[in-house]
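The values are calculated or read from the model by the stated rules, or taken from the named source; none is laboratory data. It should be emphasised that the depicted structure is a prediction, and the values quoted were computed from it without experimental measurement. Here the Cβ positions follow ideal geometry from the backbone for every residue, glycine too, while neighbour counts run over all protein chains shown. Ligands, DNA and RNA are stripped out before the accessible areas are found, and what is left, the full protein with its side chains, is counted by its heavy atoms. Shrake-Rupley method; radii C 1.70, N 1.55, O 1.52, S 1.80 Å.
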Amino acid sequence: METTLIRLKLDFTDKIYVFSDEIKPQITPYVKYDKIDFKEIFGNENPVNVEIGIGNGEFIAHYAALNKNENFIGFEVYKKVIRKAIKRCEKLDSKNVRLIHYDGAFFVNLFPDNSINNFYINFPDPWPKKKHNKRRLLKTEFLQLLSNKLANDGHIFIATDHNDYGEEILENLKPVPPLTSCFEKPYETDLIDYYQTKYYRKFAIPGKIHFFKLKKVCREVI
Ligand SMILES: C[S@@+](CC[C@H](N)C(=O)[O-])C[C@H]1O[C@@H](n2cnc3c(N)ncnc32)[C@H](O)[C@@H]1O
């Protein structure tokens, strides 16, 4: 029997954002959702970049303004914070940003495979207490999912100032072979050619972070 796919309605007709109040009523357990159609969302087929956990939106606004021929989608679960990002991005003189007040991990499942140019995850919540470690976003399964959704030669950027989480990410990446470090070492200890987010400026100690720049390199199987 064929499964009917439910199409999520994301209404960006007269705004650049969708709040969770518009999404939640559409979510039902045990249902399969249709893949997101980026052409429908942006009205073009430009490369798509995704940031999960945009905070006040400085990062996404910065890169969206610099790269007007690319599209940017940002996810943030905290409403008070995404409101700041919306204000900031609405001021941009370009129509290449969409902001979604929802769990980014849920939406990554709905992206077509091999469709994303860059993923950015800047200072993800570290869940420092041992009993909460399992809530961390960047587990092997999720890194594998990000890799599946990345276009070949696409990149994942991850920055954390939490040493234990950084080392866990390093371990979790091992079973995901298409993701290869762009640096000579697995990660750099400071941001390189990268916007310094509010979190970085406020809390990070330069030289004491894990900054990963990973490229999806698919080797041909002979
Ligand atoms: C430590 S803050 C960093 C904010 C920003 N990236 C920066 O560097 O300034 C992490 C942010 O990620 C958001 N967040 C955590 N998990 C998320 C998820 N699954 N989807 C969307 N946002 C998430 C949190 O609400 C929080 O605003």
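Name every residue in the range 84-105 that is under 18 Å from GLU22 (Cβ atoms), in a helix (DSSP H, G or I) and within 12 Å of the ligand (Cβ to nearest atom), in order of residue number. Talk me through it step by step, then tell me what you get.
Step one: filter the range 84-105 for residues under 18 Å from GLU22 (Cβ atoms), giving 85-86, 89-90, 97-104.
Keeping just the survivors that are in a helix (DSSP H, G or I) gives 85-86, 89-90, 104.
Listed by number, the residues that qualify are ALA85, GLY104.
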(request) Only residues that are out of contact with any Ser or Thr (no Cβ under 6 Å at 6 or more places or on another chain), aromatic (Phe, Trp, Tyr) and buried (at least 17 other Cβ atoms within 10 Å of the Cβ): list them for the range 83-122, please. (result) PHE107, PHE111, PHE119, TYR120
(message) Step by step: first the residues of the range 63-82, then only those that are more than 7 Å from the ligand (Cβ to nearest atom) and surrounded by fewer than 16 Cβ atoms within 10 Å (Cβ to Cβ), then the one that is nearest to PHE111 (Cα to Cα). Which residue is that?
(response) ASN69
(request) Would you tally the residues in the range 148-167 being open to solvent by 40 Å² or more (accessible area, probe 1.4 Å) and touching a His at 6+ places or on another chain (Cβ under 9 Å)? (result) 4
(request) Could you list all residues from the range 1-35 that are part of a loop (DSSP other than H, G, I, E, B), farther than 23 Å from VAL81 by Cβ and in contact with a strand residue (DSSP E or B) (Cβ under 8 Å, 6 or more places away or on another chain)? (result) LEU5, ARG7, THR28, VAL31, LYS32, ASP34
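Taking the options LYS32, LYS24, name whichever one is over 14 Å from ASN118 (Cα atoms), at pLDDT 95 or above and open to solvent by 90 Å² or more (accessible area, probe 1.4 Å).
Only one candidate passes the filter, namely LYS24.
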(request) Say whether the condition of being within 12 Å of the ligand (Cβ to nearest atom), open to solvent by 60 Å² or more (accessible area, probe 1.4 Å) and under 16 Å from the mean Cα position of the chain (by Cα) is met by at least one residue in the range 206-219. (result) no
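Of the residues ASP113, ASP125, which single one is within 16 Å of the ligand (Cβ to nearest atom), assigned to a loop (DSSP other than H, G, I, E, B) and charged (D, E, K, R)?
Numbers: ASP113 fails: within 16 Å of the ligand (Cβ to nearest atom).
That would be ASP125, the only listed residue that is within 16 Å of the ligand (Cβ to nearest atom), assigned to a loop (DSSP other than H, G, I, E, B) and charged (D, E, K, R).
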(message) Checking PHE38 against (1) under 25 Å from ASP113 (Cα atoms); (2) of a type outside the set (Ser, Thr, Tyr); (3) surrounded by 12 or more Cβ atoms within 10 Å (Cβ to Cβ); (4) within 16 Å of the ligand (Cβ to nearest atom), only one condition comes out false. Which one?
(response) (4)
